[in-house]
Structure formats: C-alpha cells, structure tokens
1. For the pairs LYS16/LYS157; LYS18/LYS77; LYS86/LYS328; LYS18/LYS386, note any where the Cα-Cα span goes beyond 26 Å.
2. Work through the residues other than LEU145 whose Cβ is under 11 Å from its Cβ and net out their charges, Lys, Arg +1 and Asp, Glu -1.
3. Working out 0.36 nm times the residue gap between LEU145 and ILE247, then minus their Cα-Cα distance, what length gain in nm do you get to one decimal?
4. Could you give the DSSP H helices of the chain that reach 24 angstrom or more along their long axis (alpha carbon positions) and whose average Kyte-Doolittle hydropathy is no lower than 1.6?
5. Calculate for the chain the 222 nm mean residue ellipticity that helices alone would give, adding -39,500 (n - 2.57) per DSSP H run of length 4 or more and normalising by residue count, nearest 500 deg cm²/dmol.
6. Once you mark the trypsin sites (Lys or Arg not before Pro) that are in a DSSP loop and have at most 14 other Cβ atoms within 10 Å, what is the longest gap between them in the chain?
7. Kirkwood hydrodynamic radius for the stretch 3-388: how many Å is it when counted over pairs of different Cα atoms?
8. Taking the Cα centre of the stretch 3-388 as the origin and placing charges on Cβ (Lys, Arg +1; Asp, Glu -1), which of ILE80, LEU146, THR12 is farthest toward the positive end of the dipole?
Amino acid sequence: MSEHSATQHNSTWQTKLKALGPGILMASAAVGGSHIVSSTQAGALYGWQLAILVLLINLFKYPFFRFGSQYTAENGKNLIEGYAEKGKAYLLVYFILNIFSAIVNTAGVGILCAAIVASALPSSIALTTGQLTSIIIVIIWGMLLLGGYRFLDGLSKWIMTALTLATVAAVVIALFQHREYAPDFVVTSPWQMAALPFLVSLMGWMPAPIEISTINSLWSVEKRKTVDFNEEDALFDFNVGYIGTAILAFFFLALGALIQYGNGEPVQGASAAYIAQFVSMYASALGAWAKPLITFIAFLCIFGTVITVIDGYSRANDEALRLLVGKKGTSQKSLATWMTLTSILGLVIVYGFSGQVAIMLRFAMIASFITTPFFAYLNYSLVNNKEHQVKGWLKWLSIAGLIYLFGFAIFFIYAWLSGNI
C-alpha cells in the first residue's frame, strides 16, 4: 500500500458507501450520448449483432479508466498532474483535445436536452432549439456556480437510480411482449465498411470518452475534501460507476433491439431527432401513461449529463492550464471562469452550426476513439513503472486492450485515407 493511503482507515461497507460519488458522476456523464442515443440506435439498426462490440469496448477500456482512479487513490494527485510529470508535450496535447471535446460535447448534449424539452412543450410555446438550449445551459451554469460539487454529487445519484429503474422495467416488459417484424424487413449486417464510422463512433463514447478518466480523478480529489476514504473505497466507487454503466449499455441496446429493430420505422440518424423515437420506445413497452414519466426521466438524465460535462471539462481545463503555466493552485474564480467560457462557446457552436451539430457530435465520437489508445497507454504508463507494476489479469487485459484499441484505430484511419468509407 502506498504511503498516501497507509494512514487511512480500514475499508468497511459504510466507508465504501460514503465514498460513492465520482464513479456515479462518471456514469451520469456517460449515459447521455453513448447510451441513450448510440446504444439504442445500435439495437434499433442491427438488433443484437453489436452486443459483442459493446462488451469488448467496455472490457478493453476498463483498465485505463480504472488506472485513473487508482493513480489518484495511490498518490493523492489527479491524473492531469501525472500527465504534467510525464512532460509538457503530453499535457499540451491533452489540453487542446479537451477544449475541443468540452465545446462540442456541451453543444451536443445541450441540444439533446433541448430536444426532450421541446417534445414535452405544448405547441403554443414556440421556442427554437437554440433558445431552449440557451435556457438550459444558463440554468445549469447558475446552479454550478451556486451549488458546486456537493450539489452535483447528490443530484447524480437520484438521476441514475430513476433512469436505471425505468430502463430495466421497460426492457423486462418488452421481453414478454409479442412483436412482429415488418413484411419487407431485411437483416442488415454491421460487419461491412459502410457501417465502420457508426461502429467507431459507438466505441468512441462507450462507455464514455477516455478523457472522462481525468475528470473522474478530479472529482475524486474534490470528494476527498469532505469524505475520508482509502484505495479500496475508491475502487469500489469506480467499479459501481463503470460496471453499472456497462450493464446499462446492454439494456439500452436491448431496448432498441426488442422494440424498434425490424418494425419498419426508419431509425433517425440525427441525435436530437432520435430522442422522440427513444421516448416512444418506452411508451410502447410500458404504455401511453408512461410517456410523460419517461420524458421527464430522460430529461433528468441528459440534464445531468450537461451538468457533468460543463463541470467536469471546466475542472479539467482549469487544472491543465494551471499546470501548463506553473501556477501553485486553482481557485473557485478560475473554475467559474472556465464554466462560463465552456457554456458560452458551447452556445456559439449551437447557434453557429445548428444544422451540423449531429455531424459534429459524430465527428467528436470518432475523434475520441482515435485518441483513446494514446491516452490509454498514458494512463497505463502512470501506474506501471519502477515503483509500481500492474500484475495478473489486469496486466493481460491492459495489453489486450492496447492491441485492440491501437489496431482498430489504425484500421479505421487506413480505411478512411484509402477512400473505403
């Protein structure tokens, strides 16, 4: 055990439960784009065929997300500080990629949230998507500035619990419902070059973009300011969040496969347009009475994602800039500045590229997958060194994961450059 954790208490169920927070926030950040949209679309388009891909990407990303939580628990430092110790070049690349992700993700999940609100509003209230997104982001910006991490920590647990219960119920009911395929339905295989961009975008944000591992470590540091927990407690929190998110991905896949797959209704490609179909799936499984309830839960879920995206990416960019310029510590003022900047730039994307946000979101997912192997290796190298060695099944899973992630990324880049997709 490290020197940092040697002075800490023994782990009990009570300390484990008190440590819960950062992992649940990670799950809340994950379910917005990757689960509600990509996982459900995967089931709606290809049935159960992509279940193996969802399993593999969750399995092979696991060590590299875990190493982020482990590094913070062992050293008392966040992952971005680890990148800085590796070299300024790593930190600069991370910072540039993170700013791009922060802006595009804020715009993307903001529009998804606005689409849910728009579907529930009476026709007499005529607000554009941009106006609704602006209202949502401004409300969240104010909530974060006033409530901070403690507000975020408490809210995420209620949102994830409500969404999980509703999704499991919908899937269980759908399993026992009789269904018929459209007469002209033809099975489409995902294992062809034309489907490759969809597969890569699905994996890019499944279960979450790799940079969420750095944000999770920042939330862990913040949690430690109010709750004392050790490495075992931190790992429990991480596993609950990560494994719970991975299981949820299969439930969302099942939702698409059991309700929408083969029913003859075209699957909407644009993320915001797909939200209406998503809500209808729950209603067809649970009954029309459930539509307002599911709309509200889906809204809470995406609302929670917008909150975690603005908070998390702002914390990460604030910390990265601090380390790049050599400042001693962060302040609430600098964090508030980043939250304001992230919110404003996200809205600039919403208004400036309103017709292309779905394309930008797909691009962000693909870019996230291409950069995943580099950050995966970086996270691995931080915990596998002279002082500490990754051993046993975790080491072999890490090696297999690196081969898979680098191999798939190289294959996609080759296919793209050679004009095959």
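1. Working: LYS16/LYS157 15 Å; LYS18/LYS77 20 Å; LYS86/LYS328 18 Å; LYS18/LYS386 33 Å.
Beyond 26 Å: LYS18/LYS386.
2. Working: positive: LYS333; negative: ASP311.
Net charge in that neighbourhood comes out at 0.
3. This chain segment gains 33.5 nm when fully extended.
4. Details: long enough: 51-75 (36 Å, 0.59); 88-120 (48 Å, 1.78); 129-175 (42 Å, 1.54); 231-255 (36 Å, 1.17); 290-325 (52 Å, 1.08); 332-352 (30 Å, 1.06); 357-383 (37 Å, 1.49); 392-417 (38 Å, 1.63).
Correct list, ordered by number: 88-120, 392-417.
5. Details: 16 runs with 313 residues, N = 421.
Value at 222 nm, helices only: -25500 deg cm²/dmol.
6. 1-178
7. 21.2 Å
8. LEU146
Rule-based calculations on the coordinates, nothing more; no lab input. Just so it is clear, the model here is predicted, and its values are computed rather than measured. Cβ sites come from the backbone with ideal geometry, for glycine too, and all protein chains shown count toward neighbours.
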